[in-house]
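Since the structure comes first, as structure tokens, the remarks are kept for the end.
Throughout, read-outs are computed from the coordinates displayed, never taken from laboratory work. Just so we're clear, the structure is a prediction, and the values are computed from it rather than from any experiment.
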Amino acid sequence: MPKKRTRPANAAHTFAFVSVNDFGQVQQAADRRLIRSHCMIGKNKRRTDPKSKLCKHSRGGENEKESQEPTHVQSPIAPPSDLLLVKFVNDIDSQTRKLLFEYFVESNSLLYPQELGVDHEYSRSSWFVWLSHDLGFFQSVLLSASAMVDYKTRKPFSNATHQHLQKTIGLLNERLRMMSSPGVTQLFL
């Protein structure tokens, strides 16, 4: 192991005289080293973060490599959204699913509570179950959700709203044709 040179504590404040030739060049290697060391005092120091100094000292002087956290840590896979657990009568994409649930949140605060005006239990009126069994009701809810978004943004009906309107009208016409047959007595909008 090479011997480490030590310099006096007040090396920056000491004067040194070196001999030079006629051209101002230093002849001796030791003199060149002395000049270089005086010029480099305070220049070649490693600057560290104050946070890393605190971490290093707070851990009791562990090696720097041991105290560093790994650069690549795998995070656990995020669980799927609760919205994916609800099954509807028709398959819908994630954007429509999000629209539908935003509609339920918004309409819950907009509508007057039915239990104050109508005397029946919510458990008997299973409107949420109809979303998974009745395609006409499901499509009319999608129409309402899309129309509400258009109304809130103060824009004319979007293409999605027109598509939901066409599907809803088609399903209602089909339901009205079926109502003439015996056994079908329910039509809800």
For region 129-146, in residue order, the Karplus 3J(HN,Hα) values (coefficients 6.51, -1.76, 1.60; θ = phi - 60°; whole Hz; Gly and Pro = x) are 5, 4, 4, 9, 10, 10, 5, x, 5, 4, 5, 5, 5, 4, 4, 4, 5, 5
For region 23-30, in residue order, the Karplus 3J(HN,Hα) values (coefficients 6.51, -1.76, 1.60; θ = phi - 60°; whole Hz; Gly and Pro = x) are 9, x, 9, 7, 8, 8, 5, 5
If the chain between residue 43 and residue 129 were fully extended at 0.36 nm per residue, the gain over the current Cα-Cα distance would be 23.5 nm
